[in-house]
1. Given only helices, namely DSSP H runs of n ≥ 4 each adding -39500 (n - 2.57), what is the per-residue ellipticity at 222 nm of the chain, to the nearest 500 deg cm²/dmol?
2. Listed highest first by mean packing, meaning other Cβ atoms within 10 Å per residue, what order do 405-413, 206-214 come in?
3. As an exercise, identify the chymotrypsin sites (Phe, Trp or Tyr not before Pro) in segment 116-164 lying in DSSP coil whose Cβ has no more than 15 other Cβ atoms within 10 Å.
4. Which trypsin sites (Lys or Arg not before Pro) from segment 17-69 combine a DSSP loop assignment with at most 14 other Cβ atoms within 10 Å?
5. Looking at the calculated P(r) for segment 9-151, what percent of the C-alpha pair distances fall above 19 Å?
6. Of 320/390; 59/322; 226/387; 59/214; 245/322, which sit over 27 Å apart, Cα to Cα?
7. What GluC sites (Glu not before Pro) does segment 104-159 have in DSSP loop regions with at most 13 other beta carbons within 10 Å?
8. Among 329, 38, 179, which residue has its Cα positioned farthest towards the positive end of the charge dipole of the chain, with +1 placed on the Cβ of Lys and Arg, -1 on the Cβ of Asp and Glu, and the dipole taken about the Cα centre?
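Bear in mind these aren't lab numbers, they're just calculated from the coordinates by the rules spelled out. No experiment lies behind these values; they were computed from the predicted model shown. Backbone-built Cβ (ideal geometry, glycine too); neighbour counts: all protein chains shown.
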Amino acid sequence: MNKVNLSDKIFSTISKAGKELNYPVYVVGGYVRDQLLGRNKQDKDIDFVCVGSGIKFAKKTASLLSNKIKVTVFKNYGTAMFKYDGVEYEFVGARKESYQRNSRNPIVEEGTLQDDQNRRDFTINALAISLNEETFGEIVDSFGGILDLEYKLIKTPLNPDITFSDDPLRMLRAVRFACQLNFSIDEKTLEAITRNSSRIEIISQERITTEINKIILSKKPSIGFKLLEKTKLLPIIFPELENLKGVDIRNGQGHKDNFYHTLEVLDNISRNTSNLWLRWAAILHDIAKPKTKRFEAKVGWTFHGHEVVGARMVKPIFKKFKLPLSAEMRFVEKLVRLHLRPIPLSRDEISDSAIRRLIFDAGEDIDSLMILCEADITSKNKEKVKKYLKNFEFVREKIVEIEEKDSIRNFQPPISGEYIMEVFNLKPCREIGTIKNQIKEAILEGEIKNDYEEAKLLMYKLGKDLGLQKAQ
Ligand code: CTP
């Protein structure tokens with residue numbers, strides 16, 4: 001087990017504040033857990049518990065550090081926090097607290113450190129380290145949290161039914177920690193999640209989405225999604241993903257299980273990118289397979305158009321998850337819509353114009369699209385995977401080569417609509433669009449270069465064909 005670093009000035013200052021107020025004080029939660037695990041994580045927030053008023057404590061500590069710190073108080077919760085050197089420090093007074101079944105209002109009473117540890121989510125998060133002068137640095141481990149860190153176990157300190165009924169989000173947090181830390185969930189805790197899964201419905205979507213995104217950003221996100229499936233949380237929080245599960249067999253022909261395939265794609269892509277939205281694209285790339293699934297006597301199972309239907313499903317899913325409906329969503333939509341496009345290019349003789357069209361349609365996101373396509377190769381046959389990857393490597397080389405020549409990536413029409421209007425003395429009309437489009441097509445087909453002079457000559461010819469007169 002690693003040592004907890006308490007050398008920072010903040011810890012001695014807090015110790016001093018505790019002495020002055022005569023409040024016992026402890027550092028708790030994620031900071032302690034991650035330090036003991038030697039997790040190399042930039043700490044953005046550190047939690048402290050004092051036996052006394054958390055609000056007074058925060059104010060005292062802030063005043064000892066500097067007279068410029070603004071303390072934010074959450075009166076209803078009896079907590080306070082401030083930001084110092086980019087880190088958020090949160091202070092809470094030890095409480096006895098439990099939620100009544102029929103009400104979301106907690107009954108809060110002052111309590112001891114042990115009371116406070118009782119009401120925390122997992123044993124590994126209930127460890128406290130003393131910042132009191134006589135016992136500075138000593139660990140208070142009331143529930144065997146250290147052992148659970150060693151055994152890599154997520155386990156509730158109390159009866160899991162109570163811990164989860166206090167805050168059902170903790171069921172999702174259990175899965176998230178198991179996934180992030182590569183821990184197992186203790187059997188009784190796991191059973192309780194399955195038994196209480198429907199209680200997740202009372203939790204706000206924002207809190208759920210935060211946990212889902214943390215699962216997605218883990219090193220191996222499939223661990224989390226398999227646990228969500230196993231505990232029956234998945235059909236409640238992400239039914240579209242649950243629907244990918246299963247294999248139909250007809251005339252002795254099956255198709256792959258798209259749930260497990262998707263998770264493999266997600267793990268694959270996670271080895272190559274930590275971009276949350278590219279990982280979301282991996283999750284959603286086949287999301288419309290259940291909707292588009294057909295059995296055709298001659299060819300077997302097909303999923304025609306799943307990329308188009310899937311792209312249309314992105315917005316409602318983003319809306320439900322309260323994810324941003326702006327550039328991030330459009331990026332995911334685009335990748336889902338285009339995810340099949342590079343495949344034929346890697347198999348057949350590649351024509352330059354097909355590559356040009358792909359670069360034109362993907363634009364700035366062409367590299368992300370290639371990363372997704374490579375992650376989408378999930379064959380068990382290693383030789384096949386190697387071969388497909390090599391083919392994609394060739395597509396990538398062609399992309400670079402053509403991009404250098406033709407600069408299609410950020411395609412700007414070399415001739416503007418205004419210029420066409422000026423040359424032919426036109427008011428806004430359909431012919432302008434026709435000419436612009438034919439110039440673009442000629443560039444993508446490689447008939448002319450992406451170049452002003454060549455485009456201008458073609459514009460004159462197209463205008464003439466359309467019977468337009470040049471302005472004098
Ligand atoms: N906690 C809890 N129940 C919750 C949320 C938090 O008991 N639903 C407690 C845990 O003791 C946790 C601490 O509050 O360790 C701080 O919570 P938070 O900052 O959300 O999580 P961390 O454990 O710090 O982990 P991370 O920063 O990775 O989210």
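1. One gets -15500 deg cm²/dmol as the mean residue ellipticity at 222 nm.
2. Sorting 405-413, 206-214 by mean packing, highest first, produces 206-214, 405-413.
3. Answer in residue order: 136.
4. Sparse-neighbourhood loop trypsin sites (Lys or Arg not before Pro): 39, 41, 44, 68.
5. So the portion of pairs separated by more than 19 Å is 51 percent.
6. Over 27 Å Cα-Cα: 320/390; 59/322; 226/387; 59/214.
7. 138
8. Selected residue: 329.
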